[in-house]
1. From the residues in segment 225-249 that are farther than 24 Å from residue 147 by Cα and part of a helix (DSSP H, G or I), which one is most open to solvent (accessible area, probe 1.4 Å)?
2. Could you tell me which numbered condition residue 170 fails, if it satisfies all but one of (1) closer than 26 Å to residue 292 by Cβ; (2) within 9 Å of the ligand (Cβ to nearest atom); (3) open to solvent by 10 Å² or more (accessible area, probe 1.4 Å)?
3. Output the number of the condition that residue 273 fails; it satisfies all remaining conditions of (1) closer than 21 Å to residue 66 by Cβ; (2) touching a residue at least 60 places away in the same chain (Cβ under 8 Å); (3) open to solvent by 50 Å² or more (accessible area, probe 1.4 Å); (4) not acidic (Asp, Glu).
4. Could you list all residues from segment 23-60 that are surrounded by fewer than 16 Cβ atoms within 10 Å (Cβ to Cβ) and among the basic types (Lys, Arg)?
5. Would you tally the residues in segment 140-166 being outside any loop (DSSP other than H, G, I, E, B) and buried (at least 22 other Cβ atoms within 10 Å of the Cβ)?
6. If only one of 49, 93 is within 19 Å of the chain's Cα centre (by Cα) and touching a residue at least 60 places away in the same chain (Cβ under 8 Å), which one is it?
7. Considering segment 179-224 alone, what residues qualify as being more than 20 Å from residue 136 (Cα to Cα), touching a residue at least 12 places away in the same chain (Cβ under 8 Å), open to solvent by 30 Å² or more (accessible area, probe 1.4 Å) and among the acidic types (Asp, Glu)?
8. Anything in segment 225-239 that is out of contact with any Ser or Thr (no Cβ under 7 Å at 6 or more places or on another chain) and in contact (Cβ under 8 Å) with a residue 40 or more places away in the chain? List them, or say none.
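The values are calculated or read from the model by the stated rules, or taken from the named source; none is laboratory data. These numbers come from a predicted model, not from an experiment. Glycine gets a Cβ as well: all are built from the backbone with ideal geometry, and neighbour counts include every protein chain shown. Heads up: the accessible areas ignore ligands, DNA and RNA and are worked out on the full protein's heavy atoms, side chains in. Shrake-Rupley method; radii C 1.70, N 1.55, O 1.52, S 1.80 Å.
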Amino acid sequence: MKAIVYTKYGPPDVLQLKEVEKPAPRDDEVLIKVHAASVNSWDWDLLRGTPFLARLGGLLKPKYKILGADIAGRIEAVGRNAKQFQPGDEVFGDISGCSWGGFAEYVCARENALALKPASMKFEEAAAVPAAAISALQGLRNKGQIQPGQKVLINGASGGVGTFAVQIAKYFGAEVTGVCSTRNLDMVRSIGADRVVDYTKEDFTKSGQSYDLILAVAGYHPISAYKRALSPKGIYVMCGGSNAQMFQGLLLGPWISMIGNKKMVALSAKPNKEDLVFIQELVEAGKVVPVIDRRYPLSQVAEAIRYLEKGHAQGKVVITVKHNNSK
Ligand SMILES: NC(=O)c1ccc[n+]([C@@H]2O[C@H](COP(=O)([O-])OP(=O)(O)OC[C@H]3O[C@@H](n4cnc5c(N)ncnc54)[C@H](OP(=O)(O)O)[C@@H]3O)[C@@H](O)[C@H]2O)c1
């Protein structure tokens with residue numbers, strides 16, 4: 001089968017399209033014919049081996065030779081103990097908790113990483129969903145304890161996680177403000193934001209407005225500025241953004257939370273079946289729709305990662321996997 005392989009840490013140039021052996025499922029796994037995948041920041045973390053934590057699996061060379069966590073495809077074979085799916089089932093999921101490998105024509109994964117693909121969705125739409133949507137869900141619901149009627153602000157509302165966060169916060173009944181740049185204002189409004197703030201013209205932390213929950217996905221503001229923009233019992237959830245934003249969230253957040261009623265917490269999203277099914281139901285109910293920016297063929301995964309790394313994707317970047325003699 002064809003796959004995008006790397007054997008040493010480095011820039012996207014180290015990725016190579018190669019013929020490799022088609023995997024066979026272990027007893028608790030299924031074999032999936034991949035029709036689409038999507039790219040996440042974790043792909044480039046593992047590709048470059050930075051930050052250093054990304055090397056925990058392999059200090060000098062990568063543990064997993066094929067990247068790609070988000071996939072959608074058709075079950076081709078099932079292991080002896082795999083009971084949830086049948087050959088022919090169309091599935092999607094985040095397989096980063098298994099052995100990665102989504103940038104390939106076939107991959108094996110444990111059943112618990114997968115759910116049935118919403119019937120109304122194309123493979124490439126489904127592949128755009130899992131990791132980003134689950135991160136947004138866990139940030140808003142688990143860490144942010146989102147409640148109906150709350151004022152919620154998403155900083156970085158136009159990217160992969162942000163576009164899901166806006167829609168999921170609306171689903172939970174929040175009044176949502178999305179922060180993005182001028183070119184994305186209409187798109188962020190179109191997915192449900194009640195208000196938009198153009199970060200190129202206005203600093204929301206200085207506007208005098210306060211929010212019950214802030215999810216920081218992109219950009220940078222000092223943690224003290226986020227604290228200022230919180231309502232008296234507000235919660236700040238650091239999801240991503242610049243290194244400085246992430247370090248402040250991780251290191252200072254717990255200390256600031258000990259003083260007063262405002263909470264400053266960091267998200268570490270983990271794929272799990274329950275949340276994937278929750279998202280699947282939201283998608284099927286039409287409450288959440290993936291925003292797809294660009295599509296690249298499997299042979300151009302390096303290009304896709306280069307594009308995502310620039311930090312200005314509008315929604316998700318998807319990889320399409322074409323097979324000979326098949327749909
Ligand atoms: N903690 C966790 O468990 C977890 C889970 C998932 C992701 N993450 C992290 O979350 C971050 C975002 O992931 P993603 O996939 O959503 O990234 P992404 O798709 O690359 O985000 C790109 C978006 O960010 C916007 N943006 C850039 N600078 C901004 C700024 N100063 N203010 C507001 N928006 C800005 C861009 O809009 P413009 O083009 O208009 O600038 C673009 O639409 C990454 O750092 C990732 O590592 C963390």
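1. Filtering segment 225-249 for residues farther than 24 Å from residue 147 by Cα gives 241-248.
Next, only the ones that are part of a helix (DSSP H, G or I) stay: 243-248.
Values: 243: 105, 244: 45, 245: 3, 246: 65, 247: 124, 248: 41 Å².
Across segment 225-249, the extreme among qualifying residues is 247.
2. Checking residue 170 against (1) closer than 26 Å to residue 292 by Cβ; (2) within 9 Å of the ligand (Cβ to nearest atom); (3) open to solvent by 10 Å² or more (accessible area, probe 1.4 Å), the one that fails is (2).
3. Unmet condition: (1).
4. Hit for segment 23-60 is 26, nothing else.
5. Within segment 140-166, the subset outside any loop (DSSP other than H, G, I, E, B) is 140-143, 151-155, 160-166.
From what's left, buried (at least 22 other Cβ atoms within 10 Å of the Cβ): 140, 152-155, 160-166.
Within segment 140-166, residues that are outside any loop (DSSP other than H, G, I, E, B) and buried (at least 22 other Cβ atoms within 10 Å of the Cβ) number 12.
6. Values: 49 fails: touching a residue at least 60 places away in the same chain (Cβ under 8 Å).
None of the others qualify; the one that does is 93.
7. Answer for segment 179-224, where residues must be more than 20 Å from residue 136 (Cα to Cα), touching a residue at least 12 places away in the same chain (Cβ under 8 Å), open to solvent by 30 Å² or more (accessible area, probe 1.4 Å) and among the acidic types (Asp, Glu): just 203.
8. Matches in segment 225-239: 235, 237.
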